[in-house]
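The values are calculated or read from the model by the stated rules, or taken from the named source; none is laboratory data. Computed from a predicted structure; not experimentally measured. Reconstructed Cβ throughout: ideal geometry from the backbone, glycine too, with neighbour counts over all protein chains shown. To get the accessible areas, we keep the full protein, side chains included, count just its heavy atoms, and leave off ligands, DNA and RNA. Shrake-Rupley method; radii C 1.70, N 1.55, O 1.52, S 1.80 Å.
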Amino acid sequence: MDKLNRSNPYIFTGSTPGSRTHSPFNSRPGTPLSFRDVVNAVIERAKHEADSEAHRIYRSYAGHAIKGQPNLTNPDEETIPGIVHPGSTGVIYCTVCHSASTRARPPLTICFLLAIKDRAIANGFSYADSHSWSNLGQGAPEVGHIPDANPRPTTINMQIDELEYGPTTGVKALREAVAKMYNETYRVGKSSQYTYENVCIVPGGRAGLSRVAAVVGDVYLGFQVPDYTAYAQSLEVFRRLVPIPTALEAEKNYRLDIEQVRRDVYNQGLSVLLASNPRNPTGQLIQGDELKELVGLSKSKTTIILDEFYSWYIYHDNPEDVGKSVSGATYIDDVNEDSVILIDGLTKNWRLPGWRVCWVVGPKNVVSALSQSGSFLDGGANHPLQVAAIPLLNADYIRQERIALQQHFKMKRDHCLKRLQAMGLKVVVVPHATFYIWLDLSKLPDPLNNGLTFFEELLKERTIVVPGIFFEINPSHRRDLFRSPCHHFVRLSFGPPLKDLDMGLDSIERVLRKVKKEGTRGFGHNYHKSADLDHGAAPNVQ
């Protein structure tokens, strides 16, 4: 039986022996298509972001115009002389800090808040009425009480001296507590142990990453995609380093190929490798021998930076493993000689995103450099909250929190997967960690089969998700969005409370029921334009 040849839409390719095929090595052309098939093939291949209202809205925001080509859409990318919009991360574009607990952002993202207008607000969202919305796009876990967990910290007693600035490396007692936690959890029996001199306290994960990026020299830095949305923007701010992304393959469940990483290190001259583990947005985990080999690359004059913010969010198959976490610290031989940097904090694992107390762990000489970069980047973390965090690093407190967290979030993950499958949205790459689901929309009818349109349709239902293109290589700068390998995905968060998850899943179900009942004619258009968008300067996206 003949089928369409995707490399040439006007040719059938034979799928049976003896049929004629089109190939640069054949002397005879294949079988021509009928006129109707030719037209359909041309229409299919002509699909472009300019044909999609959701994509035109995305491009209309400052910082999202195509770079490297003449800018015919937004002449005001340069706001005032010398200042340009960097482009937003996915969560900021979609929600701009949906919950009050995440309104405080480190400096890099504040510019996004000022420049990128809120698509949810354009569709009626307001903070006063936020509980009538479901934010499946949020990058923070629920902060309230969960079963069997410790009581939530709700009051802080401060001493007068805590009203002063703290050191840029952090309060010594907290640094000691962090070092002790790593030694007791991951380095029992090892001769090389962390001390407070191996720990730098920072005001949030992005601030930690920015401090590290600021002290990286003139090097090539490798990272994988899809991955955390802020990596590309954070790294590009510091012009001394050159970020080199490598695409992980969906067919391999986005598994990190250590041999490919090793080849990249040698063939491309990578001096630094950056990876999230567990991985955002796919929910995959590097552990055991794979993690040991990754950390081992530090011995070949390569610095390994591991973002370990989801290290407690692991969903074990064996009940005896519940409560166990993962860190590259387990496989480090010498904490001062091995060039491995770990970033973590209270944001995700302790479910305290509003505290902005995090840490970078690494060799002593790295910490001294981070102290210097912090002096001009952020000035240091909140002094009273650093002191308040010390008892939260007690071993018994941590053990109880990890067990409660893994049980509760595994229940929410399984609940979401079951409901999605009942809707016909089977999740192929099941998340074994984090609180995200990387949902493939490719089997939905056009135009719902792309992340941006799916996102806009759910806004009409008072639900927020994050389109997959925000986790791709430089999605807003050069590539036509329809050609992105992440184009047919959205990231769903099961970080919110269960009732909010069900509210969002109900919205998805309503959209799919509408498709079955009415078809797709009513989808892909009539989207609200942001009331905050300066339409005097913005392009016409009608």
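Restricting attention to the range 410-431 and to residues that are out of contact with any Asp or Glu (no Cβ under 9 Å at 6 or more places or on another chain), in a loop (DSSP other than H, G, I, E, B) and open to solvent by 10 Å² or more (accessible area, probe 1.4 Å), the residue that is farthest from Pro496 (Cα to Cα) turns out to be Gly424. Considering only the range 304-344, state which residues are farther than 12 Å from Gln406 by Cβ, assigned to a strand (DSSP E or B) and either out of contact with any helix residue (DSSP H, G or I) (no Cβ under 9 Å at 6 or more places or on another chain) or not charged (D, E, K, R) (or both). Across the range 304-344, the qualifying residues are Ile304, Ile305, Leu306, Val340, Ile341, Leu342, Ile343.
Conditions (1) charged (D, E, K, R); (2) over 26 Å from Gly468 (Cβ atoms); (3) at pLDDT 95 or above, marked per residue:
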| position | (1), (2), (3) |
| --- | --- |
| Ile314 | no, no, yes |
| Ala329 | no, yes, yes |
| Asp344 | yes, no, yes |
| Thr347 | no, no, yes |
| Arg356 | yes, yes, yes |
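Within the range 368-379, residues that are outside any helix (DSSP H, G or I) reach partners that are open to solvent by 60 Å² or more (accessible area, probe 1.4 Å) and modelled with pLDDT under 95 with beta carbons closer than 7 Å, at six or more positions or on different chains, in the pairs Asp378/Pro107. Pick out the one residue from Leu274, Leu285, Leu306 that is within 15 Å of the chain's Cα centre (by Cα) and closer than 22 Å to Lys180 by Cα. Just a single option satisfies the conditions, and that option is Leu306. The number of residues in the range 493-542 being assigned to a loop (DSSP other than H, G, I, E, B) and either modelled with pLDDT of 75 or more or more than 19 Å from Phe454 (Cβ to Cβ) (or both) comes to 25.
Taking the range 120-164 as the range and being assigned to a loop (DSSP other than H, G, I, E, B), more than 22 Å from Cys358 (Cβ to Cβ) and open to solvent by less than 80 Å² (accessible area, probe 1.4 Å) as the test, the residues that pass are Asn123, Gly124, Phe125, Ser126, Trp133, Leu136, Pro147. Only one of the listed residues (Leu370, Leu385, Leu441, Leu393) is more than 28 Å from Ile314 (Cα to Cα), open to solvent by less than 30 Å² (accessible area, probe 1.4 Å) and touching a helix residue (DSSP H, G or I) at 6+ places or on another chain (Cβ under 7 Å). That residue is Leu370. The single condition among (1) closer than 23 Å to Leu221 by Cα; (2) crowded, with 23+ Cβ neighbours inside 10 Å; (3) aromatic (Phe, Trp, Tyr) that Trp312 does not meet is (1).
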